[in-house]
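In what follows, a single structure is set out as structure tokens and then discussed.
The values are calculated or read from the model by the stated rules, or taken from the named source; none is laboratory data. These figures come from a predicted structure and were not determined experimentally. Cβ atoms come from the backbone with ideal geometry, glycine included; neighbour counts cover every protein chain shown.
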Amino acid sequence: MSNSGLFFAAALLLPEFLFAHGVEVSEVEKSAKVVRFSYSDGEPMMYAKIMLYSPSSAKVETLKSLTDKNGVFAFVADEKGEWRVAAQDGLGHKGEIVVNALEISTNTEVKQSAQNTQSASKFFRVILGLSLLINIFAVYGFALTKISKRFKR
């Protein structure tokens, strides 16, 4: 089998391989807990190190992150109770706050959104794959006719 034949066989049998590096983005949660860390003069603690502790794990960090340029950090609570958020700027300044999460986030909205995105994405992939195959066969056919016309002369 020629190299082009192998490519066509792979394209037909492994369409997911051709689109393996796609990215899907969806809004996950609308009710995040938002905390702002700032110095006593009001200046934000930009890019301060954050340690987040969940209600069930008060000693071990659930998450390590950074504040943004405005000193803001946001998270979505997946467990009811008191969440401890601590910030350190690396220059000796520390801040800590306890955020009470009365409700936990549900994944039903996320799952519905992901399913809708996934079905639209699969449809797009099928159409794109068919279009790609049609174009490849058209170019292949065009090249064959040009080559055959040269040999007929």
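Those residues that are without any contact (Cβ under 8 Å) to a residue 40 or more places away in the chain and either assigned to a strand (DSSP E or B) or under 18 Å from Y47 (Cα atoms) (or both), I need them from the stretch 77-101; list them, please.
G81, E82, R84, A86, L91, G92, K94, E96, V98, N100
Looking at E27 and the list (1) modelled with pLDDT of 95 or more; (2) under 23 Å from the mean Cα position of the chain (by Cα); (3) among the charged types (D, E, K, R), which single condition is not satisfied?
The single condition E27 does not satisfy is (1).
Looking at (1) surrounded by 13 or more Cβ atoms within 10 Å (Cβ to Cβ); (2) at pLDDT below 95; (3) touching a strand residue (DSSP E or B) at 6+ places or on another chain (Cβ under 9 Å), which is the one condition that is false for S105?
Condition (3) is where S105 drops out.
Looking at the stretch 38-76, which of its residues are in a loop (DSSP other than H, G, I, E, B) and either in contact with a helix residue (DSSP H, G or I) (Cβ under 8 Å, 6 or more places away or on another chain) or under 25 Å from E103 (Cβ atoms) (or both)?
Residues satisfying the conditions are P55, S56, A58, K59, V60, E61, T62, T67, D68, V76.
Tell me which residues, restricted to the stretch 50-61, are surrounded by 13 or more Cβ atoms within 10 Å (Cβ to Cβ) and touching a residue at least 12 places away in the same chain (Cβ under 8 Å).
The answer is I50, M51, L52, Y53, S54, P55.
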